[in-house]
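Student: Here's a structure for you.
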Amino acid sequence: MLENILTDEQLQLFRELVHESDTIVVTCHQSADGDAIGSCLGMAEYLRTEGKEATIIVPDQYPDFLQWLPNSEKIVRYDKHKERADLLLRIADLVLCLDFNTLSRTDSMEEALKATPAKLVLIDHHPNPDVDAVLTISCPKMSSTCELVFRIIWQLGAFDKQGKHFAGPIYCGMMTDTGGFTFNSNDPSIFFIICQLLTKKINKDKIYRNVYHNYSEHRLRLVGYVLCNKLVVDELRHAAYYTLTRQDLKQFNYVKGDAEGLVNMPLQIKGLKLSISLREDTERDNLVWVSLRSVDDFPCNQMAERFFNGGGHLNASGGRVYGTMDDAVRLVHEAFNAFEDMLK
């Protein structure tokens, strides 16, 4: 059985908040990934089984390879339907904030979330939560926010009422946030949860194919180009990085999600401890997105906090550089030097 993550008081407060709310919004961070979308869809499905209709609002576009998920067609994009989203947030009784620890991670939605009269509930697995919520459920040791959502529904005694439309997105989010259960997934309870999700007759093999074998030819050629022409390996420090400029992305007809998982590939090099991706924003100047992945006990979250205005988990973190690609590359070298003793 699973250990409870909520106190009796927290559990009762969550029940009351849902029961007393007529208009509920579920939201997540910008550039939503599998965990963000999966946890939102799973939570919305739970609310539906409780007789509540919730609207999922995401800040911007999310990857094509997640758009097969059940009910994803109902998701409202803030950047495309701002008036509708602003209205929903103005009239909402309850907003469930999933998979982010601070409102700034919602980008253009931040001001609307600050202005909403609704009560906020934060459910997240990133450290140092900073949201003015009536209920904060923060568990950084969890593999994913999807795992957190499952555990909440399980503790509420509501799992038996859930079906494929709950189980599929939750499994997808847990799978993607652990790199196919290759990191941050040693807790035996994770596999107990998977066993329970499989009782809902989801096809985990098909979910894997839908996520990882669902790219365009352009994505495959982009991967080959990066590994052949852009990858820089620092053999002395057992680290690597690569750059993706706007010109690179345009050359390979980049769509959001095409770079997903690419940062993990250099870690296949024997002895490599750290991999960093630098990707220019396709629309905003002087903004480079940074993804960091590591193995064993190298703390890429500390590197993200110190050099890249970011943070995250021990082996999977992210951040950004407000500057040119040259600025970002310079910071990577500074980071390698600063963490040299831990990388050798």
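The values are calculated or read from the model by the stated rules, or taken from the named source; none is laboratory data. This structure is a prediction, so every number in the text was calculated from the model and none was measured. Please note: Cβ atoms are built from the backbone with ideal geometry, for glycine as well, and neighbour counts cover all protein chains shown. Calculation scope for accessible area: heavy atoms of the full protein, side chains included, ligands and nucleic acids excluded. Shrake-Rupley method; radii C 1.70, N 1.55, O 1.52, S 1.80 Å.
Student: Please enumerate the residues belonging to the range 32-49 that are surrounded by fewer than 24 Cβ atoms within 10 Å (Cβ to Cβ) and under 15 Å from the mean Cα position of the chain (by Cα).
Tutor: Within the range 32-49, just 33 meets the criteria.
Student: I'd like the full set of residues that are free of Cβ contacts under 8 Å to residues at least 60 places away in the same chain and not aliphatic (A, V, I, L, M), limited to the range 126-140. Outline the logic, then answer.
Tutor: Of the range 126-140, the ones free of Cβ contacts under 8 Å to residues at least 60 places away in the same chain are 129-133, 136, 138.
Passing the criteria: 129, 130, 132, 136, 138.
Student: Could you check, for the range 45-56, whether at least one of its residues is acidic (Asp, Glu) and more than 25 Å from residue 200 (Cβ to Cβ)? Don't jump to the end; show me each part of the working.
Tutor: Restricting attention to the range 45-56, the residues satisfying the condition of being acidic (Asp, Glu) are 45, 50, 53.
Now narrow it down to the ones that are more than 25 Å from residue 200 (Cβ to Cβ): none.
Checked against the condition, which is being acidic (Asp, Glu) and more than 25 Å from residue 200 (Cβ to Cβ), the range 45-56 yields no hits at all.
Student: Of the residues in the range 93-144, how many are among the charged types (D, E, K, R), more than 16 Å from residue 42 (Cβ to Cβ) and touching a strand residue (DSSP E or B) at 6+ places or on another chain (Cβ under 6 Å)? Show your work before the answer.
Tutor: Within the range 93-144, the first condition is being among the charged types (D, E, K, R), and the residues that meet it are 93, 99, 105, 107, 110-111, 114, 119, 124, 130, 132, 141.
Applying the additional criterion that residues be more than 16 Å from residue 42 (Cβ to Cβ) yields 93, 105, 107, 110-111, 114, 119, 130, 132, 141.
Filter once more, keeping what is touching a strand residue (DSSP E or B) at 6+ places or on another chain (Cβ under 6 Å): 119, 130.
Count: 2.
Student: Now, a different point. How about the range 90-111: which of its residues are crowded, with 22+ Cβ neighbours inside 10 Å, hydrophobic (A, V, I, L, M, F, W, C) and assigned to a helix (DSSP H, G or I)?
Tutor: Scanning the range 90-111 gives a single hit, 109.
Student: If residue 76 passes every condition in (1) open to solvent by less than 30 Å² (accessible area, probe 1.4 Å); (2) touching a residue at least 24 places away in the same chain (Cβ under 8 Å); (3) more than 15 Å from the chain's Cα centre (by Cα) but one, which one does it miss?
Tutor: (2)
Student: Among the residues that make up the range 53-63, is at least one of them of a type in the set (Phe, Trp, Tyr) and open to solvent by less than 10 Å² (accessible area, probe 1.4 Å)?
Tutor: First, pick out the residues of the range 53-63 that are of a type in the set (Phe, Trp, Tyr): 62.
Those still in the list that are open to solvent by less than 10 Å² (accessible area, probe 1.4 Å) too: none.
Checking the range 53-63: not a single residue is of a type in the set (Phe, Trp, Tyr) and open to solvent by less than 10 Å² (accessible area, probe 1.4 Å).
Per-residue answers, yes or no, for (1) over 30 Å from residue 2 (Cα atoms); (2) modelled with pLDDT under 95; (3) of a type in the set (Gly, Ala, Ser):
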site: 205; (1), (2), (3): no, no, no
site: 242; (1), (2), (3): yes, no, no
site: 245; (1), (2), (3): yes, no, no
site: 248; (1), (2), (3): yes, no, no
site: 256; (1), (2), (3): yes, yes, no
site: 267; (1), (2), (3): yes, no, no
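Student: Let me ask you something else. Which residue, of 218, 213, is in contact with an Asp or Glu (Cβ under 9 Å, 6 or more places away or on another chain) and surrounded by fewer than 21 Cβ atoms within 10 Å (Cβ to Cβ)?
Tutor: On the way: 213 fails: in contact with an Asp or Glu (Cβ under 9 Å, 6 or more places away or on another chain).
After ruling out the rest, the residue left standing is 218.
Student: For the range 316-327, how many residues meet the condition of being open to solvent by less than 30 Å² (accessible area, probe 1.4 Å) and within 21 Å of residue 30 (Cα to Cα)? Spell out how you get there, then give the answer.
Tutor: Step one: filter the range 316-327 for residues open to solvent by less than 30 Å² (accessible area, probe 1.4 Å), giving 316-319, 321, 323, 325.
If we keep only those that are within 21 Å of residue 30 (Cα to Cα) as well, we get 316-319, 321, 323.
Of the residues in the range 316-327, 6 are open to solvent by less than 30 Å² (accessible area, probe 1.4 Å) and within 21 Å of residue 30 (Cα to Cα).
Student: Considering every residue within the range 47-69, establish whether at least one is part of a helix (DSSP H, G or I), of a type in the set (S, T, N, Q) and under 30 Å from residue 218 (Cβ atoms).
Tutor: Pass one, the range 47-69, residues part of a helix (DSSP H, G or I): 47-49, 64-66.
Retained after the next criterion (residues that are of a type in the set (S, T, N, Q)): 49.
Subsequent filtering for residues that are under 30 Å from residue 218 (Cβ atoms) retains none.
No, there is no match, as no residue in the range 47-69 is part of a helix (DSSP H, G or I), of a type in the set (S, T, N, Q) and under 30 Å from residue 218 (Cβ atoms).
Student: What is the residue count in the range 269-292 for residues that are open to solvent by less than 50 Å² (accessible area, probe 1.4 Å) and either aromatic (Phe, Trp, Tyr) or outside any loop (DSSP other than H, G, I, E, B) (or both)?
Tutor: Quick first cut of the range 269-292, residues open to solvent by less than 50 Å² (accessible area, probe 1.4 Å) only: 271-272, 274-278, 280-281, 287-292.
Right, trim to either aromatic (Phe, Trp, Tyr) or outside any loop (DSSP other than H, G, I, E, B) (or both) and you get 274-278, 280, 288-292.
Final tally of qualifying residues: 11.
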